[in-house]
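Right, one structure below, let's go through it.
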Amino acid sequence: MKRRIHINLITAMTALLATTAVAMPLRPAMIALADQIRTYGVDGRDGIDGRHGQSGRDGRSQSVRADGLSIRIEAMGEPGQDGEDGGRGDRPSCPAQPEDVRYDLQAPDGGDGGDGGDGGQGGRGGDVTIYYTDSAQLRQVLVNAMGGLSGRGGRGGVGANGCRCDDRSWRVRVCHDGNCEEERYDCRDGNPGDYGRDGRNGAAGGLGQVWLVNQYTPLSSDQPTLTQPLESFLRQPVSLSKHLWETRRGAGALLATGSTVDDTYYQYLERLEAEAQIVWQAERSPTTFLALSPTITLTDTGNLDLDFPDRYWIDGRTEQAGTLTTYTIDYIVRADEVTDFAWGNQTGRGDDFAVTVIDLGQESAFVNTQFELIYRTTDDDPRSNRRVRYQEQFSGRLPAAVITQDQNRFVLNLGQLPISNRYFRRGTNAQVELRIVRSLGQNSAEVMLEWEGQL
């Protein structure tokens, strides 16, 4: 039914166009101007968006000593500021409406109101570290670590009214070759501007937290992680330290009634200390690698994690002697150089057929290399047959016996594979896919070399 209606409509449209084409010489002005709409005056400009409110500052973190006397600690976050209201849209310019024109008119629109600014975020309550020797002393400590109130979003600005037409409709008498008729034209009032979007309210600041230390001796600063150039690590051992805390719940029950803090608090357990050193025993000189910057981190278990930048492959070993951890670098290469390969020459035929692969990055003395080959041939001539069908003659890893390495050159003696000699004759059309897998320690990467043509 839908398709039949569509065809009928097209037929009716065709008939109408044919009728119009005949009538065009009698009414050319009406046909040409019926769809024209022109504006006059100038639309109003949109209102300015309100500025966002600034976020409140976090409460001041502080440390106190609980000795049994009543203490009140204020660590409130500051409130966020309110966002500004959006500006009103500007009124349009409303000049006198043109008279007796032969086209429709559109009066100017009013400007949109500006968007309200978002309210600022409330500042987080400050953290409070309390040193004590008896848990009863904590009941005398009142902590107010409330987060700051959120700022309110500004209101969207009011849009301005559009201009109104002086004359909403008029007629123009048109004569052509002695035939006269009246054309009707309309004027549309300008649209009022839209209200601006109200700004979003900010979020209230979070509650501050309490850190409890069951001693009066202040904690010295710790350094759980260190990043520095390799040269500095090779020169002397470095010291790392870490304060160990246990996460617990129920902070409000430990403090004076009326305290406002996060329910989660941290109880100090102990200070971990360790030393780390890096030793260079790689064959190549360390000179070109001294600028790289490893990172050593002391974990909660007391172990040390050593991370090198991803652009290097490193293999070594770790030794532990008391608090000193020594990492020895045995091998190191640049990651972007281990996959830089190119095809070399083809030599021989039959059992002596071989291809050469060249390591342009010259890292073969320091990494492991494996080759995986897919070898296909065809009796079709690719120059005259677009649908060449290749047959697979070999697919798998190349055994070490067929690989000869001369520093950064690898000769792959493919003629020694279990493949018929006739597939290595001169002029044979072949496809070669060689996947090269390189690895060092826990690092690995692959590169694919492809070749297609006549041997």
Q) Out of residues 5 or more away from I73 or on other chains, whose amide H comes under 5 Å of its own, with H placed 1.01 Å from N in the peptide plane? A) L142, V143, N144
Q.
Please list, ordered by chain and number, the residues whose modelled amide H lies under 5 Å from the amide H of Q431; skip anything fewer than 5 residues away on the same chain.
A. R376, T377
Q. If you stretched the chain out fully between E392 and D177, how much longer would it get, using 0.36 nm times the residue separation minus the C-alpha to C-alpha distance?
A. 68.9 nm
Q: For segment 417-433, just list the computed ³J(HN,Hα) in residue order, Karplus coefficients 6.51, -1.76 and 1.60, θ = phi - 60°, integers in Hz, with x standing in for Gly and Pro.
A: 6, x, 10, 4, 4, 5, 7, 10, 6, 5, x, 5, 7, 9, 10, 10, 10
Q: Please compute the net charge surrounding D134, taking Lys and Arg as +1 and Asp and Glu as -1 over other residues with Cβ under 14 Å from its Cβ.
A: +1
Q. So what is the relative contact order of the chain, in percent, for Cα pairs below 8 Å that sit 6 or more residues apart?
A. 11 percent
Q. Using θ = phi - 60° and the Karplus form 6.51 cos²θ - 1.76 cosθ + 1.60, what ³J(HN,Hα) does each residue of segment 256-264 get, whole Hz, x for Gly and Pro?
A. 5, 4, x, 5, 10, 9, 5, 5, 7
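Find the eigenvalues of the gyration tensor of the Cα atoms of segment 135-252, then list the square roots of 5 times those eigenvalues as equivalent ellipsoid semi-axes, largest first, in whole angstrom.
Taking √(5λ) for each Cα gyration eigenvalue gives 79, 28, 9 Å.
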Q | Most to least packed among 233-241, 398-406 [average Cβ atoms within 10 Å] | A | 233-241, 398-406
Q) In what sequence, highest mean first, do 137-143, 99-105, 177-183, 391-397 appear when ranked by Cβ atoms within 10 angstrom? A) 137-143, 99-105, 391-397, 177-183
Q. Any idea which of F366, N429, A400 is furthest toward the positive side of the dipole for segment 341-454, if Lys and Arg beta-carbons carry +1 and Asp and Glu beta-carbons -1?
A. N429
Q | Proximal charge balance of G68 [Cβ under 14 Å; K/R count +1, D/E count -1] | A | 0
Q: Determine the gain in length on full extension of the stretch E433-M448; use 0.36 nm per residue of separation and subtract their C-alpha separation, reporting nm with one decimal.
A: 4.7 nm
Q: For the chain, just the Cα set please: Rg and Dmax, both in angstrom.
A: 41.4, 116
Q.
Could you tell me the ratio Rg/Rh of segment 341-454? Both radii from Cα atoms, Rh via Kirkwood.
A. 0.99
**Q.** Magnitude of the charge dipole, segment 316-455, Cβ model with Lys/Arg +1 and Asp/Glu -1, debye to 20
**A.** 540 debye
Q: Only helical DSSP H runs with n ≥ 4 go in: add -39500 (n - 2.57) per run for the chain, normalise by residue count and round the 222 nm mean residue ellipticity to 500 deg cm²/dmol.
A: -2500 deg cm²/dmol
Q. Each residue of segment 85-97 in turn: what ³J(HN,Hα) in whole Hz from Karplus with 6.51, -1.76, 1.60 and θ = phi - 60°, glycine and Pro shown as x?
A. 6, x, x, 5, x, 6, 6, x, 7, 10, x, 4, 5
Q) Long-range amide H contacts for Y40: which residues qualify at under 5 Å (H placed 1.01 Å from N, peptide plane, sequence gap of 5 or more or a different chain)? A) Q106
Q: Quickly work out the A136-to-R334 label distance, labels modelled 7 Å from Cα along the C-beta direction, and quote it in nm with one decimal.
A: 7.0 nm
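Since every read-out is calculated from the coordinates, none of them should be taken as a lab result. In this text, all values refer to a predicted model and were calculated from it rather than measured experimentally. Glycine gets a Cβ as well: all are built from the backbone with ideal geometry, and neighbour counts include every protein chain shown.
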